[in-house]
Structures are given as C-alpha cells and as structure tokens.
Amino acid sequence: MPDQNPRQSGRNKDFNQLTQKEVLTLLKKLARSLGRTPTCLEFTRFCKGTHRQITMLFGGYGECLRQAGFEARGAGYELSGEQLLADWVEVARKLGRVPSVLQYERAGKYSLKVFTRRWESWHAVPAAVLKFAKEHRRQEWQDVIGMTKQYIQEQKKLWPKPERKQRAGRGSAALAKKAATAPVYGRPLVMQALATAPVNEMGVVFLFASLATQLGFVVQRLQAEFPDCEALRMGPGDRWRRVRIEFEFESRNFMAHRHNPKGCDLIVCWKHNWPGCPLEVIELSKLMEG
C-alpha cells in the first residue's frame, strides 16, 4: 500500500497550481511508495489530476516519466534519436503503414512533443528514419523502410517541390516574425474538447475541438465572423501564443470566401487543396489517416 500522505507540500494544491517540478516530485514519491513505476491511472488518481492536464504540462505521461528519471535511468537524460526512431519503426511495423500522429500516440512509447523537439515536424520523421537506417545499416528495418519510401514518394506527388518551396518562403518568414512579436501567456487552466466526425465545415470545427489539446491548442473564443476562432497555441518552453484560426472543409474555400490572409494565422481544414497557400494549414484528414 502506498503512503497515505505522500504529497506533503503539494497535497493542498489543485493540480493546475502545481509546477512541473512539484508534479515530478509527487511522481517520485508515489513510485517509492509503490516500489515501482506508477501507471498513468495510478498517478492521476494520486495527484488528483487528469491525463489531459499531464499532456498539456509535459506533452504526455511518457515524457513526464522520462523527466522524473524512470524511463531513461536518471533525471536529465535525453532520449536518443535512435530510441525515438526505433519505436516509430516498431509502431509502423505493427500497423503495416506509416503512422499518423494519432496512431503513434495510441501505440507508441513517447510523446509527439519529443519528436518535434528533435525534428521540425511529425512529417519529417519518415525521412529521418530512412537517413538513420542508411547511415547505420539497420537491416532489420528493411520491412518498414520499403513502406516508408513509398509513403515519401506519394507525398512528393501530392506536394510537388516548387509548391512546397513557395509555401515555405515569404509566408513562413511572416509567420515567424508575427510569432516573435505576439503576446506570451502562461499555461491555460481550463482545457475542454468536443468530438464528432467531419462532413462539412461544422464537422471540421467539432473534430478540431476533439483534438485540440492533443495538438497543443486551447480555444479561447469562437465567433460567426472572420476569423472563426481565437486560441492559445503551445510553443517551446511551455510558452503559449495567440493564434487566429479559420475553419474550412477544403482549404481553397478560404480564397473562395474572399478572406484576407492578413487577418488570420492558421487554416484548419479536412482537405488541403490550395497549392501556394500563404498561411499555415492543419489538414485533419492527414492526422487521422496518416
């Protein structure tokens, strides 16, 4: 049986009032009481928090364990690229396909956050797998290498190189400049999500709501006029910035509706079919289907 009163300094605090350091201290104390690494359910019951709150604070329970020193034998230990890629390969092997973000988070050992700290985005991981396998001659990955190469070729056909360069040019520089001057917020205290499947623009709104916390967003306001949504977006160092979001079933509808790109930071859609789009786009169908 774990100690009845192991929280000590944190026992009278709501979970949202705890710092990362205090949460890690509680995790270590529970582990000592149990004599083993706690499961996520055991820890959330113990600290009176939720899995969602832990995800918002650390990027996932796995990352929380790692920072506490359980997953990697010692606090401060950095997961190697090989560990991350090997687990990605294992998930791809089980699925028989390149995993989407949601598929990996269901089956993988690590959080999306640790991948995006090392590579610029989740979509850069397949290329990193091929590069690592070639440099280190990982013959045991050959079954996954084949499907990964095919996936990358399919993506190149969907997004030809000139279009990708255009999208990554002036638009990205403007976004970076805008992010640098945007106001900074502390960690949100209220996280909520809705769930349904998209069949039109309203469906996109509901689906985004159900995924918002996993993607690092907390919605502040929804409105009928342009842009549809104002939200806080998680960035490096647990810093949050305001973003203006427009929901569309297809990204090119943004142009058809004659919206001004200067009044928006991000398009969230089910299908991205606007080559040369000057704004960042989150295509929900890709997240759901890989």
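Let me confirm something: among R252, R187, which residue is farther than 30 Å from A92 by Cβ and modelled with pLDDT of 90 or more?
Only one candidate passes the filter, namely R252.
Residue under question is M255, and the condition is that it be of a type in the set (A, V, I, L, M, F, W, C), more than 17 Å from M202 (Cβ to Cβ) and open to solvent by 60 Å² or more (accessible area, probe 1.4 Å); does it hold?
So M255 passes the test.
Within the stretch 227-271, track down each residue that is in a helix (DSSP H, G or I) and aromatic (F, W, Y).
F254
Do you know which residues across the stretch 118-157 are surrounded by 15 or more Cβ atoms within 10 Å (Cβ to Cβ) and outside any helix (DSSP H, G or I)?
Scanning the stretch 118-157 gives W119, R138.
Looking at (1) in contact (Cβ under 8 Å) with a residue 24 or more places away in the chain; (2) part of a helix (DSSP H, G or I); (3) open to solvent by less than 40 Å² (accessible area, probe 1.4 Å), which is the one condition that is false for S210?
(1)
Given the residues V89, V114, which is the only one that is over 14 Å from G60 (Cα atoms), part of a helix (DSSP H, G or I) and of a type in the set (A, V, I, L, M, F, W, C)?
V89
Yes/no matrix, rows are residues, columns are (1) under 30 Å from F132 (Cα atoms); (2) among the hydrophobic types (A, V, I, L, M, F, W, C); (3) surrounded by fewer than 16 Cβ atoms within 10 Å (Cβ to Cβ); (4) at pLDDT 85 or above:
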{"site": "L24", "(1), (2), (3), (4)": "no, yes, no, yes"}
{"site": "K29", "(1), (2), (3), (4)": "no, no, no, yes"}
{"site": "G35", "(1), (2), (3), (4)": "no, no, yes, no"}
{"site": "L41", "(1), (2), (3), (4)": "no, yes, yes, no"}
{"site": "G49", "(1), (2), (3), (4)": "no, no, no, yes"}
{"site": "Q53", "(1), (2), (3), (4)": "no, no, no, no"}
{"site": "G59", "(1), (2), (3), (4)": "yes, no, no, no"}
{"site": "F70", "(1), (2), (3), (4)": "yes, yes, no, no"}
{"site": "A92", "(1), (2), (3), (4)": "yes, yes, no, yes"}
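Of all the residues that make up the stretch 272-285, how many are aliphatic (A, V, I, L, M), part of a loop (DSSP other than H, G, I, E, B) and open to solvent by 20 Å² or more (accessible area, probe 1.4 Å)?
Total meeting the criteria: 0.
The values are calculated or read from the model by the stated rules, or taken from the named source; none is laboratory data. Just so you know, these numbers come straight off a predicted model, no measurement behind them. Glycine also receives a Cβ, built like all others from the backbone with ideal geometry; neighbour counts cover every protein chain displayed. Quick note on the areas: whole protein, heavy atoms, side chains included, nothing else; ligands and nucleic acids left out. Shrake-Rupley method; radii C 1.70, N 1.55, O 1.52, S 1.80 Å.
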